[in-house]
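What follows is a single structure, written as structure tokens, with notes after it.
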Amino acid sequence: MRRKESEFKTIFFSESGTQKINNDYFGYVQLDNYAIWVIADGYDGEEGANIASKLSVESAIEYFTAHPRFNKEVIKELFKYINDAIKQKQEEIERYSLMHTSLLIVISNYNKILYGNIGNTRLYHIQGGYIVNQSSDDSVSQLLVQERALDIKDIKSHRQRNDLLQAIGDYSKIKPIISNEIKLLEGDKICLTTRGTWENIDEHEIEVELSKFPERELWINSIKRKVLGSSNKDIENNTFASICIDKLAPPIAEKKSSKWLKRIILISVVILMLVLALLLWRLHKENKITKLAVSYVEKAEENTKIKNFNNANKSLEMAIEEYKKIRPSSQGFLGMLTNANNRRTKVDSKIELIEDKIVENKKLEEAFKSVSDGNSLFDINDFFESSKKYENAKYIFSSSSYMKDELNIDQVLEGLKIRINSTKNLIEALNVVAIGDNLFSSGNYKSAREKYEGVLNIFLLNGKEEYAIQIERKIKEIDDKVKLSYDGAQLIENKADMLSQIKPNDAREIYLSAKQVYQMLGDEKRTGEIENKIQEINNRQLVDTQTANNYIQDGLNALLINDYSTSLNFFSKAKSIYTGLGDTANSKSIDNYISQAQNLMKNENKSKSELAKKEEELEIERNNIALEKKKREELSNKIKEASISEIEADKLLELKRYSESIMKYSNAKKIYDELKMSGDYDDESSKIEFINKKINKCEGFLYEEQGDKKYKNKEMKEAVTQYELSKESFSKSNVGREILERVEKKLKVAIKKANKKWWEIWKF
């Protein structure tokens, strides 16, 4: 079996985008000797579009499974069979009477492929990391491209891209676009896409993502992220399937037909002579056409040298048309007699080389345009976008050697390297300027000036004098502000000097204000001088404070021995010193000592008893207040923790991270349960019930998601279990009826498919 001799791996994704219903459908089957892949894109806005796409894919697989072959005829039969099936469904159900779909069919003998398409589903053949073959859309936009009225890159945004010339479901006779046989190489990738994919990611991006992620799973996931991350507000249904050819089956040897033998016998000598005469005439004609084609190629190369890529490609296309004139079509004995196969191969090889030159010219045109666009963007100071243009040009120039010397590509690359470095330096410089602006606005003039001075030469060296002038203005503005700040700080310092002896506390505060200004200016010398003045005040006050503290201690010692008169004398001296220092707090504290001593003098025993009792009561009160405060802080922290967990869970739910969301909701519920048990919180019951509903909602989505994965993997029994759990969870939550109906619908389908027989497995 040829399937066992080969390795064809199929991976795909299909998303609804921003639409409610996914009208795309994809399916495939790999038989012993042949395989088929089918992708359909139902017309949006038509009733039954999803039915049309699904029925088309299933009908194709059904017919091919019954009649497996590898030729163009089977593709024609497939399209007729599918179109008849769709028309029958249109007649059976009135609301489906207008349903249509685009369709792409690919068949293979595990060595080659053939494909046919109707509408605007697409095929990309990737070989060596580049797209070497691409299907043509069956649309008005494609006709405009063929007429050279529209660039192929602009199809995805053209208003007539969806104006199809024909579609599955038309009552008129359909004519699919059918390819010739395509020889595959190991490592090739065949990509099938719907409009929602190629509208949001172009061919170059597909190649770039493949170069970044050679592993097929990572690559297809990156394509998916690119499509979903498109800047378009409305994203259509998007499906992308990749057939990865890891190993090919050997080519099928063609059977010699007995018809050729019969034809050889019937050929007469006269006809042979006529053929030989015609061959001689054709040889003369071919030489003439070949010379003309070669002249077109030479003319194209001259146009390429002067970067007239449009005229160059026109000349190359004219050369192709000339070579097509001499491409022999003879087959069989006549073909063997005239060596038609070899001649045809040589002509095809020449055409292929010319087509390669056309591709290279288009790449060169894009590269030089990127350089021009990058220069324009650089001139208007859009360094980020200009850098992207330069990088694109560099990538194209570096990946090709075509006309490298003639166009001085090495010199161009050197210039691009300089420009890319320049844009990077300018972007970094602008970032530094932004940091400097923030420092400037916050008053950190020294650091801001350092930032500005550090990038000034960068702008000058890269030809951006206007930025350099702006920086110089900012530096001048800083210098002006610094001078004003110095003048203000000096006035503040002078005021503190005058108050230093008479009001040391006020002087200290004023010195601190001056110190902040000097620190902001980065003047370490003046900052140190201010610190010395503050330290001088502190030292003076320290001596006085120590003396006062000694008086207090002496007074307390006197109290201990019941010498109240001496105690009052010491306390009064301490108060006098604190008053002179402006220490109001300690002065008031001394008043308490004085009052205490006076009271003790009046009634020593009574005062001692009352004082002890009062101190005990105060201590109890302080302890009670501290306990209550701690209890309230703990309650507040628990409620805050629960609220944060709930908010985080809500965000995780929005991000569809259901398991993490459940953990956060459960944490919040646990806290409210603890509060309920403690009796410290009145609203715990309603909160617990509300969070339980949220947990049930998350569990519903999680089980639904797991059910979808099991369904996708065709594990239908497991999918049924997960959908049942999802339905149960949703019924306990506050989700809308539409979500519950959605899960019920999925459960119904999964149950139905779980009960299908083994011979119906292809319907999955």
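What to note about this one:
- Scanning segment 623-678 for residues that are surrounded by fewer than 19 Cβ atoms within 10 Å (Cβ to Cβ) and small (Gly, Ala, Ser) yields 626, 636, 643, 659, 666, 678.
- Of the residues making up segment 573-588, none is among the hydrophobic types (A, V, I, L, M, F, W, C), over 30 Å from residue 498 (Cα atoms), surrounded by 12 or more Cβ atoms within 10 Å (Cβ to Cβ) and at pLDDT 80 or above.
- Extreme residue, surrounded by the most Cβ atoms within 10 Å (Cβ to Cβ), among residues of segment 59-114 that are β-branched (Val, Ile, Thr) and either out of contact with any strand residue (DSSP E or B) (no Cβ under 7 Å at 6 or more places or on another chain) or in a helix (DSSP H, G or I) (or both): 82
Matching residues to (1) in a helix (DSSP H, G or I); (2) surrounded by 13 or more Cβ atoms within 10 Å (Cβ to Cβ); (3) within 35 Å of the chain's Cα centre (by Cα); (4) not acidic (Asp, Glu):
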residue: 410; (1), (2), (3), (4): yes, no, yes, no
residue: 434; (1), (2), (3), (4): yes, no, yes, yes
residue: 439; (1), (2), (3), (4): yes, yes, yes, yes
residue: 450; (1), (2), (3), (4): yes, yes, no, no
residue: 459; (1), (2), (3), (4): yes, yes, yes, yes
residue: 480; (1), (2), (3), (4): yes, no, no, no
residue: 496; (1), (2), (3), (4): yes, yes, no, yes
residue: 507; (1), (2), (3), (4): yes, yes, no, yes
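- Residue 402 being of a type outside the set (A, V, I, L, M), over 18 Å from residue 465 (Cα atoms) and not in a helix (DSSP H, G or I): yes
- Condition check for residue 502: modelled with pLDDT under 75 and among the hydrophobic types (A, V, I, L, M, F, W, C): yes
- Any hit, segment 307-318, residues being assigned to a helix (DSSP H, G or I), in contact with a helix residue (DSSP H, G or I) (Cβ under 9 Å, 6 or more places away or on another chain), within 15 Å of residue 352 (Cα to Cα) and of a type in the set (D, E, K, R): yes
- Checking each residue in segment 556-574 for being in contact (Cβ under 8 Å) with a residue 24 or more places away in the chain and farther than 29 Å from residue 509 by Cα picks out 556, 559, 562, 564, 565, 567, 568.
- Residue 553 being without any contact (Cβ under 8 Å) to a residue 60 or more places away in the chain, in a helix (DSSP H, G or I) and more than 25 Å from residue 497 (Cα to Cα): yes
- Filtered residues of segment 208-250 (kept if surrounded by 11 or more Cβ atoms within 10 Å (Cβ to Cβ), in contact (Cβ under 8 Å) with a residue 40 or more places away in the chain and in a loop (DSSP other than H, G, I, E, B)): 235, 236, 237, 248, 249
- Output for segment 441-493, where each listed residue is among the polar types (S, T, N, Q) and farther than 27 Å from residue 525 by Cβ: 457, 462, 470
- Residue 511, sole failed condition from (1) surrounded by 18 or more Cβ atoms within 10 Å (Cβ to Cβ); (2) more than 26 Å from residue 482 (Cα to Cα): (2)
- Residues located in segment 355-378, provided they are more than 17 Å from residue 408 (Cβ to Cβ) and either of a type in the set (Phe, Trp, Tyr) or in contact with a strand residue (DSSP E or B) (Cβ under 6 Å, 6 or more places away or on another chain) (or both): 378
- Taken over segment 488-533, the criterion of being within 26 Å of residue 580 (Cβ to Cβ) and of a type in the set (Phe, Trp, Tyr) is satisfied by 511 alone.
- Residue within segment 281-294 that is over 30 Å from residue 405 (Cβ atoms) and modelled with pLDDT under 70 present: yes
- Scope segment 4-25; condition within 25 Å of residue 185 (Cβ to Cβ), in contact with a helix residue (DSSP H, G or I) (Cβ under 9 Å, 6 or more places away or on another chain) and of a type in the set (Val, Ile, Thr); matching residues: 11
The values are calculated or read from the model by the stated rules, or taken from the named source; none is laboratory data. No experiment lies behind these values; they were computed from the predicted model shown. We place every Cβ from the backbone using ideal geometry, glycine too, and count neighbours over all the protein chains shown.
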